[in-house]
1. Restricting to the stretch 118-131, name every residue that is within 23 Å of GLY182 (Cβ to Cβ) and either part of a loop (DSSP other than H, G, I, E, B) or within 16 Å of ligand 2 (Cβ to nearest atom) (or both).
2. Scan the stretch 156-171 for residues that are more than 23 Å from ASP183 (Cα to Cα) and more than 10 Å from ligand 2 (Cβ to nearest atom) and jot them down.
3. Taking the stretch 170-186, which residues are within 12 Å of LEU96 (Cα to Cα) and in contact with a Ser or Thr (Cβ under 8 Å, 6 or more places away or on another chain)?
4. Examine the stretch 87-109 for a residue that is within 16 Å of ligand 1 (Cβ to nearest atom), hydroxyl-bearing (Ser, Thr, Tyr) and either surrounded by fewer than 17 Cβ atoms within 10 Å (Cβ to Cβ) or at pLDDT 95 or above (or both), and state whether such a residue exists.
5. Among VAL150, VAL170, VAL181, VAL162, which is the only one that is more than 16 Å from ligand 1 (Cβ to nearest atom), touching a residue at least 24 places away in the same chain (Cβ under 8 Å) and among the hydrophobic types (A, V, I, L, M, F, W, C)?
6. From (1) away from ligand 1 (no atom under 16 Å from the Cβ); (2) in contact (Cβ under 8 Å) with a residue 24 or more places away in the chain, pick out the condition that doesn't hold for VAL175.
7. Which one of these is within 24 Å of ALA56 (Cβ to Cβ) and surrounded by fewer than 16 Cβ atoms within 10 Å (Cβ to Cβ): ALA147, ALA201?
8. What tally of residues in the stretch 83-97 results from selecting those that are assigned to a strand (DSSP E or B) and either in contact (Cβ under 8 Å) with a residue 40 or more places away in the chain or within 9 Å of ligand 2 (Cβ to nearest atom) (or both)?
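The values are calculated or read from the model by the stated rules, or taken from the named source; none is laboratory data. This structure is a prediction, so every number in the text was calculated from the model and none was measured. Counting neighbours? That spans all protein chains shown, and the Cβs are built from the backbone with ideal geometry, glycine included.
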Amino acid sequence: MKFACSICLLVLLLVSGMDAELQCSPCSEEYLMLFQERTSTDYSILYNSIADPLHATTVCFFARDYPDESSSTTVDSQCVYSYAIAESNNEFNFCLAPQIRVLINGNRRDVGFGVEDDDWHHYCFTWSDVNGDYAFYIDGVSVSSGAGFVRDGHISSGGTTVIGQDQDSVGGDFVAAQAYVGDLTQVNVWNKVLSESDIQAQASTCYISEGTQVIKWSQFKDKVQGGVVLMRP
Ligand SMILES: [Ca+2]
Ligand SMILES: [Ca+2]
């Protein structure tokens, strides 16, 4: 992955005392969210975040686990993305530990391994109700795929999206052990399956065709709660 590191020196100069925690952002034009504490009170929340049911979707983001988080022996789900409706608090989730995994309608698929280092990585998951085809990508490479996952189903509209926590009720019932701890940028959701080449372009250059998402990263920055640190480019 190519990192755009032009802002790193400036960032390091501006944030004294945090130097050891910072690495170059993969997306020099985009703000970062830093989830620095294992707590149930740090998150960003969007209500009524999907207008129409999703019969296909892609969710992607860049994440950098903090050292020792992913190898922690405590229960640690590292839930980056959680979408809940009244009938299903796990309508659509994407968590990184103990295995990189997704839930749709409460049904689970995972890649069989967790995050193995504390570097930035680009994560994507694609799904379609046609055959229930799905795929996980890490750094633009498909690492796990299959069929029959929520075949002919959908992700319901009108739910609430939370970044950084797993919802066990709509907009709440967070558990610190399931929180994401690390840096995050460019969480986006589409209502279609992105092509492998689109995902590779995102992973390598952070390029996203603007206006194509159903949930955009820019929507989250004014919805932050608790101690999440926003770092602007
Ligand atoms: Ca939970
Ligand atoms: Ca849940």
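1. Once the filter is applied, which keeps residues that are within 23 Å of GLY182 (Cβ to Cβ) and either part of a loop (DSSP other than H, G, I, E, B) or within 16 Å of ligand 2 (Cβ to nearest atom) (or both), the stretch 118-131 yields ASP118, ASP119, TRP120.
2. SER156, SER157, GLY158, GLY159, VAL170
3. The answer is GLN178, ALA179.
4. Yes, that holds for at least one residue.
5. Details: VAL170 fails: more than 16 Å from ligand 1 (Cβ to nearest atom); VAL181 fails: more than 16 Å from ligand 1 (Cβ to nearest atom); VAL162 fails: more than 16 Å from ligand 1 (Cβ to nearest atom).
From the options VAL150, VAL170, VAL181, VAL162, the qualifying one is VAL150.
6. It fails just one condition, (1).
7. On the way: ALA201 fails: surrounded by fewer than 16 Cβ atoms within 10 Å (Cβ to Cβ).
It is ALA147.
8. In the first step, residues of the stretch 83-97 are kept if they are assigned to a strand (DSSP E or B); the result is 83-85, 88-95.
In the following step, the residues that additionally are either in contact (Cβ under 8 Å) with a residue 40 or more places away in the chain or within 9 Å of ligand 2 (Cβ to nearest atom) (or both) were identified as 83-85, 88-93, 95.
Counting residues in the stretch 83-97 that are assigned to a strand (DSSP E or B) and either in contact (Cβ under 8 Å) with a residue 40 or more places away in the chain or within 9 Å of ligand 2 (Cβ to nearest atom) (or both) gives 10.
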